[in-house]
1. From the set of residues in the stretch 341-364 that are open to solvent by 90 Å² or more (accessible area, probe 1.4 Å) and modelled with pLDDT of 90 or more, which is nearest to residue 123 (Cα to Cα)?
2. Can we say residue 340 is over 28 Å from residue 233 (Cβ atoms), among the charged types (D, E, K, R) and within 29 Å of the chain's Cα centre (by Cα)?
3. Is there a residue in the stretch 164-184 that is part of a loop (DSSP other than H, G, I, E, B), touching a strand residue (DSSP E or B) at 6+ places or on another chain (Cβ under 9 Å) and aromatic (Phe, Trp, Tyr)?
4. Residues being in a helix (DSSP H, G or I) and either open to solvent by 80 Å² or more (accessible area, probe 1.4 Å) or out of contact with any strand residue (DSSP E or B) (no Cβ under 7 Å at 6 or more places or on another chain) (or both): count how many of those fall in the stretch 292-317.
5. Quick one: would you say residue 83 is in contact with a helix residue (DSSP H, G or I) (Cβ under 8 Å, 6 or more places away or on another chain), at pLDDT below 90, farther than 24 Å from residue 238 by Cβ and of a type outside the set (D, E, K, R)?
6. Name the single residue that is farthest from residue 29 (Cα to Cα) among those in the stretch 50-80 being surrounded by 18 or more Cβ atoms within 10 Å (Cβ to Cβ) and out of contact with any helix residue (DSSP H, G or I) (no Cβ under 8 Å at 6 or more places or on another chain).
7. I'd like the residue in the stretch 169-192 that is open to solvent by 10 Å² or more (accessible area, probe 1.4 Å) and touching an Asp or Glu at 6+ places or on another chain (Cβ under 9 Å) and, out of all such residues, is nearest to residue 150 (Cα to Cα).
8. Criterion first (over 30 Å from residue 254 (Cα atoms), of a type in the set (Ser, Thr, Tyr) and exposed (fewer than 11 other Cβ atoms within 10 Å of the Cβ)) does residue 375 satisfy it?
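The values are calculated or read from the model by the stated rules, or taken from the named source; none is laboratory data. None of the values given here were measured: they were computed from a predicted structure. Reconstructed Cβ throughout: ideal geometry from the backbone, glycine too, with neighbour counts over all protein chains shown. With ligands, DNA and RNA removed, areas are computed over all heavy atoms of the protein, side chains included. Shrake-Rupley method; radii C 1.70, N 1.55, O 1.52, S 1.80 Å.
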Amino acid sequence: MACRRIGGHGHTLSPTSSINCVKALATGIRTHSICMVSDFFYPNMGGVESHIYQLSHCLIERGHKVIIVTHAYGNRKGIRYLANGLKVYYLPLKVMYNQSTATTLFHSLPLLSKENTVLRAALNPEIVSVIPNAVDPTDFTPDPSRRDDSTITVVVVSRLVYRKGIDLLSGIIPELCQKYPDLHFLVGGEGPKRIVLEEVRERYQLHDRVRLLGALEHQDVRNVLVQGHIFLNTSLTEAFCMAIVEAASCGLQVVSTRVGGIPEVLPENLIILCEPSVKSLCDGLEKAVAQIRSGTLPTPETIHNKVKTFYTWRNVAERTAKVYDRVADEVVLPMDKRLDRLISHCGSVTGCIFALFAVLSFLFLVFLRWMTPDSIIDVAVDATGPSGAWTQQYFPSKKGSEKEEIPDC
């Protein structure tokens, strides 16, 4: 079984990846054309960006056609191709706030009044699927030799924005640094709240104990995590928080706020949950420090071996594909019934407003198709999927044969 470099991007497929991709094409698995739409994607760094990238690659391995649509980042506009033929559209949309476009901000308004998706959209819970995030355990392995065991290092890797609880972090650092002379903080990430941490470091003269690393490439995150003993997450809202899984996979004791889906991510013996307050988080960190000093924590290797069995990308891709299969079998409602559902689910006032926007969007789409008919638009060659150009190039099939050959590197 061969592995090869794909598309000149330096991405190497493992033998397992090659087999999975061939099986998807050879065994007649049901395939879909999938469009991932998000304001957050590379070169921006974060959990959402990594999730979309990893999931897209695993869906491509299963034989699906996948494209990603996001807004432009600086000079990165137009169409780009990533490893495995993953096609990304960087649209020239104006960013309104924190890398979010107007569309995202508008659709986020219901978050102010409802606490979860089922309530917000008035959905039947039986048709909602909860799929966890994932982490590649081979990318996040422990290395205790990188730690300085003469001190205790708390690692924070996060976007430095309000939602991530950086104001809480600014209250935790001086309190615990004063109480524990051997406690150090290592902070990776960038954002508008960085100035808050710089002010704390300056005011309390903590330059030798608080390091601000700035923005990190995803491949550099592991090298930061393995330098720490404790991973601290201070998020005020969070759906899953892949960062705590990556930290646990590197063998760190996790201390986190008890918000969103975080309590469901790791077992109780691998995480210390706290309320989103300075006092509660300080108590959680002090508990972790006491466990480290008493030697009661499991070894980093033991923690890693537990975490690596919890979440894998191929498992997530398989579960996601099953949801796509189910959705593809559902009947597409005509426009009048869609409008009726909007009004009935969202209320007489809000529902009518949403219905008006839906009608205007539909009419705008009809106008665009009249201005530029489909018949005069060149059809782009598929890079991925059953008949994708990249798939055919690297996994050629013989007509009438169930077996497919994998060329050597």
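1. Selected residue: 356.
2. no
3. yes
4. Residues meeting the conditions: 15.
5. Taking the combined requirement at face value, the residue satisfies it.
6. Across the stretch 50-80, the extreme among qualifying residues is 71.
7. Per the stated criteria, the residue is 184.
8. Against the criterion (over 30 Å from residue 254 (Cα atoms), of a type in the set (Ser, Thr, Tyr) and exposed (fewer than 11 other Cβ atoms within 10 Å of the Cβ)), residue 375 qualifies.
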